[in-house]
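Data first, discussion second: the structure below is written as structure tokens.
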Amino acid sequence: MANDPGTGFSGTDHSLFLAGRRLSSALRSMAAISRADGAALMLDDPRAGLRAVAGSTAEGLELEYAEQSERDGPAHESVAADHPVAVDDLEGRGGTAYARLARRAAPVRAVLAVPVHAGGAVIGALNFYRSTPGAWTSDQIAVGQTLADTAADLLVRLTVPPPAPDQDGRGAMTSH
């Protein structure tokens, strides 16, 4: 199937991308639950790699766009390793890609990237971020993993078509 010119995603990937875009309010709630300044989502496009999908703030989206452009960063590391990646300070991480991320994603400083799984595969990463540098605790990482599972569930639910109406014209879940 051809890629959608607006997103670059195709078929099921396109459905996931569109569902991801509908998650902005959920991401704001996830940021509050995690006690981060924000949360943002990247999904893996098999043809183009990780793509920015949604964020709770403009800064979060800029972080995702920077990671997409650099093809490097916490989300990429998390997806590749299939485990959370905690970065205490983008500016102090080292390497030219991280230096560019730190400049472009400012004021974001600390990032926790957690892989998002669906259908037994890693489909992307959920990034939590703060504007102040600092370590991520094991509790924050555990909450991040739970919220990544929630994001995956929401993505799947948003891509499933609604039930077909029954003979009464009501939803298939009605009782007689």
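Computed from the coordinates by the stated procedures, all read-outs in this text should not be read as laboratory data. Quick caveat, the model's predicted, so the values are computed rather than measured. Neighbour counts are summed over all protein chains in view; Cβ atoms, including those assigned to glycine, are modelled from backbone coordinates with ideal geometry.
Computed over segment 38-82, the convex hull of the alpha-carbon atoms projects to a mean area of 2.9 nm². Each principal axis of the Cα atoms in segment 46-167 has its own extent, and those three values, largest first, are 62, 32, 26 angstrom.
Near V79, once Lys and Arg are set to +1 and Asp and Glu to -1 for all other residues with Cβ below 12 Å from its Cβ, the sum equals -4. Given +1 at the Cβ of Lys and Arg, -1 at the Cβ of Asp and Glu and no other charges, the dipole of segment 75-132 around its Cα centre is 260 debye to the nearest 20. Mean sequence separation of contacting Cα pairs (under 8 Å, at least six apart), scaled by the length of segment 34-139, corresponds to a relative contact order of 30 percent. Cα-based radius of gyration for segment 20-64, normalised by 2.2 N^0.38 Å, reads 1.13. Near G38, the amide H atoms lying under 5 Å from its own belong to Y129; only residues 5 or more places off or on other chains count, and H is placed 1.01 Å from N.
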